[in-house]
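Written out below as structure tokens is the structure these notes cover.
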Amino acid sequence: MLSLKNLLVLFLLFPLILISQASLIEFDQQFNKIENKDKKLSLLDSVTKQLIRANSPEQVGYIKDYIKLAVDLKDYDKAASKSRFLMQFYNNTGDLVSQKKLIDSMLQFEKRFKKSSSKAHILLKRGAYYFVELDYTKAAADYQASIPLFFKSNDSIYAADAYYYSGQANFKLNHFPKAVEDYEKASNLYVKLGDLEYALSVGQELSSLYSANGLKKPAKAKREEIIELSEKVGNPCSRGITELLLLGTSLKDEQNEFSESDFEHIHHIIKQCDDDLKSKRFSYYLYTYKTSYYSKKANLKKAKESFDTMVALEKSLNVKFEEAHALKPKAEYYALIGEDEKAITVIKTFLKSLPSQEMSSTLLDAEKLLAKLYLKHGKFKLANEHLQSYISIKDTLFTRGVANSYAYYHTRFETSEKEKEIIQQEAEIQKLEDQKTIEASKKKLYLSVGSSLFVILMLSGYFVSQKAKKKRELLAVKLEEKQKELNVFTKKLLDKSEAHQSLETELEHLKSTFGEREELNELKSLTESKILTSEDWDDFKMRFSDVYPHFFLDLRNLNCKITNSEERLLALEKLKLNTSEIAAMLGISPDSVNTSRYRLRKKLEAPKDIGLVSFIEKEMKSFA
């Protein structure tokens, strides 16, 4: 028979020996002879720790026994602490019903918890449950609710995890500014706590998020930060994924310098990764890039070598979501070797596997490839269907990107303005405090008459200030509404221009490939509509004047005469649109915009180091 002491030693050595059913039976027999509940709880704690580390399915029954015993002893914090491991086990094995049941049973003790972290951990697990169930709203709410509880218990690393998971949930909800905010908070906390591995993971997701929404400067800054972090971490696995991300960006951006030696450099780093699964996955991603690159270069030998290695790695990984990454390279390779039907089959199979609401750059690539392949074989009807789908998806992604970019910068602006407002309010408070001191001195000198007069003045000032405040608030609300209307209308015009340009470009490409065809001439009428009609301009001008009522009047009061086209150019400059956006709005080329801007600058005799709108506004102030 094993003594209690020997039993403890046995299970402390679990990582070193085989966990057999016989040893568990022996443990149960000895365990049941113990009467002291505290000793039994301590023994169960040791046993469950070893079973959890070994990821043994036997952990379920022993953790349940521990929780029941802890509740009997009214130690609800210990019960909650141990229950989170069982919740995670249920989540990993897909037993979501048992997971939710356990979560609900533990939350019934939340008022009896002495540690704030007890409830926080359960909320974190419930957030994971909702995330798997695709209820991202509830998931984000639970993640956010756990954060202050973790901070209260000084568990900052778990608070960082909660921010990270909340960012993922908000990204799924397309709450772009909130997702960015959560990711940044998680990244800053991980760096502060020295957990650079997780900081690197968050940084990679944040960089991808910025790039997908057209935020080039933040994306570039984040990539530079990732490189610096990966060098600090010194982990080949972390460096491998970082280099792969940068490689993907380089291959997409033709302006970036790239050489074939970069492939060998990354392959060398990946080989040093001591995690076999990660090393295999990273190699798979590398060979998808190589297949795509050599297929585009029409290097049949290297493309085939890369393709064969990629397919072999894909089979060994046997993970469905990896196939999405290989879609484009496979189709490009099949097209290179003339097996277009295979390329079409691969893409169509992939499209069927996507969720019905999926909108991504991968889907965009798939539709474009299908259109090109059908065109190659003269199947114009199918080609047109996928071309229209491509244009629609591109427009949706563009609109989402514009909205998210606007929201990002608007949030940054609001944060800056709030900080300024707080500083101003603090100054005003200090000013009021000083005024109170002065008034207190006056009261001592003019006790009766002065106090009465002060009360009257204060009441009068209060009502006047309240009236003025309400008037300012109403004006501010009205101006904000007009500004939103102007922004929405301007965005609609930009969307209209973008759709027009996309269709025109695609039609020109089709013409250059297949020549003049009746089917293509029928589509050309779609591109002949005017981008900015007179009605559009009149509507735009009215909305613009609501926000900037004196702008056009000031232009007319300048010494030199401003033409209607110059007036339009200056209005769009006032909205801080870039050259390409102005060109799209006016239906002219970017070079024409630059020429018009140059002529107007010369006409106004404006110096080169100041914007046209700023120069005009400065001139009008001097006249005033």
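The values are calculated or read from the model by the stated rules, or taken from the named source; none is laboratory data. Computed from a predicted structure; not experimentally measured. Heads up, the Cβs are rebuilt from the backbone with ideal geometry, glycines too, and the neighbour counts pull from every protein chain shown. The protein model used for the area step is the full one, side chains on, heavy atoms only, and it has no ligands, DNA or RNA in it. Shrake-Rupley method; radii C 1.70, N 1.55, O 1.52, S 1.80 Å.
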Can you tell me which residue within segment 38-56, out of those that are open to solvent by 30 Å² or more (accessible area, probe 1.4 Å) and in a loop (DSSP other than H, G, I, E, B), is nearest to Tyr90 (Cα to Cα)? Asn55
Within segment 275-292, does at least one residue satisfy the condition of being free of Cβ contacts under 8 Å to residues at least 24 places away in the same chain and open to solvent by less than 70 Å² (accessible area, probe 1.4 Å)? no
Pairs please, first residue from segment 573-587 and on the phi < 0 side of the Ramachandran plot, second anywhere and open to solvent by 40 Å² or more (accessible area, probe 1.4 Å) and at pLDDT 85 or above, Cβ atoms under 6 Å, 6+ apart in sequence or on different chains. Thr579/Pro590; Ser580/Pro590; Ala583/Ser589; Ala583/Pro590
Residue match in segment 152-160 (condition: open to solvent by 30 Å² or more (accessible area, probe 1.4 Å), at positive phi and at pLDDT 90 or above): yes
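Any residue that is over 28 Å from Leu173 (Cβ atoms), assigned to a loop (DSSP other than H, G, I, E, B) and open to solvent by 40 Å² or more (accessible area, probe 1.4 Å) - is there at least one of those in segment 57-66? Write out each step before concluding.
Just the residues of segment 57-66 that are over 28 Å from Leu173 (Cβ atoms), to begin with: 57-66.
Remaining after also requiring assigned to a loop (DSSP other than H, G, I, E, B): 57-58.
This time we only want the ones that are open to solvent by 40 Å² or more (accessible area, probe 1.4 Å), so: 57-58.
Yes: segment 57-66 contains one or more residues that are over 28 Å from Leu173 (Cβ atoms), assigned to a loop (DSSP other than H, G, I, E, B) and open to solvent by 40 Å² or more (accessible area, probe 1.4 Å).
Collect the residues in segment 138-151 that are over 20 Å from the mean Cα position of the chain (by Cα) and buried (at least 19 other Cβ atoms within 10 Å of the Cβ), keeping them in residue-number order.
So in segment 138-151, the residues over 20 Å from the mean Cα position of the chain (by Cα) come out as 145-146, 148-151.
Matches in segment 138-151: Ser146, Leu149, Phe150.
Any idea which of Asp135, Asp75, Asp104, Asp95 is open to solvent by 40 Å² or more (accessible area, probe 1.4 Å), out of contact with any Asp or Glu (no Cβ under 6 Å at 6 or more places or on another chain) and in contact (Cβ under 8 Å) with a residue 24 or more places away in the chain?
Just a single option satisfies the conditions, and that option is Asp75.
Every residue, every condition in (1) surrounded by 16 or more Cβ atoms within 10 Å (Cβ to Cβ); (2) modelled with pLDDT of 85 or more; (3) of a type in the set (A, V, I, L, M, F, W, C), yes or no:
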{"site": "Tyr294", "(1), (2), (3)": "yes, yes, no"}
{"site": "Ser306", "(1), (2), (3)": "yes, yes, no"}
{"site": "Pro355", "(1), (2), (3)": "no, no, no"}
{"site": "Ala383", "(1), (2), (3)": "yes, no, yes"}
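Is it fair to say Ser565 is more than 30 Å from the chain's Cα centre (by Cα), surrounded by fewer than 15 Cβ atoms within 10 Å (Cβ to Cβ) and modelled with pLDDT under 85? Even if it seems obvious, please write down each step before you answer.
Values: more than 30 Å from the chain's Cα centre (by Cα): yes; surrounded by fewer than 15 Cβ atoms within 10 Å (Cβ to Cβ): yes; modelled with pLDDT under 85: no.
When the stated conditions are applied, Ser565 does not pass them.
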Consider only pairs whose beta carbons are under 8 Å apart and that are at least six residues apart or on different chains; among these, list those whose first residue lies in segment 188-204 and is closer than 13 Å to Ile241 by Cβ and modelled with pLDDT under 85 and whose second residue is open to solvent by 10 Å² or more (accessible area, probe 1.4 Å) and outside any helix (DSSP H, G or I). Glu197/Asn235
Specify the residue that is modelled with the lowest pLDDT; the eligible residues are those in segment 246-292 that are closer than 17 Å to Ile226 by Cβ and acidic (Asp, Glu). Asp253
Quick one: in segment 606-624, of everything that is over 39 Å from the mean Cα position of the chain (by Cα) and modelled with pLDDT of 85 or more, which residue is least open to solvent (accessible area, probe 1.4 Å)? Ala606
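Taking the options Ser211, Ser187, Ser238, Ser207, name whichever one is over 17 Å from the mean Cα position of the chain (by Cα), among the hydroxyl-bearing types (Ser, Thr, Tyr) and assigned to a helix (DSSP H, G or I). Before the answer, list the steps.
Values: Ser211 fails: over 17 Å from the mean Cα position of the chain (by Cα); Ser187 fails: over 17 Å from the mean Cα position of the chain (by Cα); Ser207 fails: over 17 Å from the mean Cα position of the chain (by Cα).
The conditions single out Ser238.
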Kindly list the number of the only condition in (1) touching a Phe, Trp or Tyr at 6+ places or on another chain (Cβ under 6 Å); (2) open to solvent by 20 Å² or more (accessible area, probe 1.4 Å) that fails for Arg126. (1)
Failed condition for Ile34, given (1) modelled with pLDDT of 70 or more; (2) outside any loop (DSSP other than H, G, I, E, B); (3) open to solvent by 20 Å² or more (accessible area, probe 1.4 Å); (4) aliphatic (A, V, I, L, M), with all others met? (2)
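Out of everything in segment 111-123 that is in a helix (DSSP H, G or I) and basic (Lys, Arg), what residue ends up being most open to solvent (accessible area, probe 1.4 Å)?
Restricting attention to segment 111-123, the residues satisfying the condition of being in a helix (DSSP H, G or I) are 111-112, 116-123.
This time we only want the ones that are basic (Lys, Arg), so: 111-112, 119.
On the way: Lys111: 196, Arg112: 134, Lys119: 67 Å².
Checked segment 111-123; the qualifying residue most open to solvent (accessible area, probe 1.4 Å) is Lys111.
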What are the residues in segment 312-347 that are at pLDDT 70 or above, exposed (fewer than 14 other Cβ atoms within 10 Å of the Cβ) and under 28 Å from the mean Cα position of the chain (by Cα), if any? none
Have a look at Asn188, Asn170, Asn213, Asn174 and point out the one that is under 22 Å from Thr137 (Cβ atoms) and open to solvent by 40 Å² or more (accessible area, probe 1.4 Å). Asn174
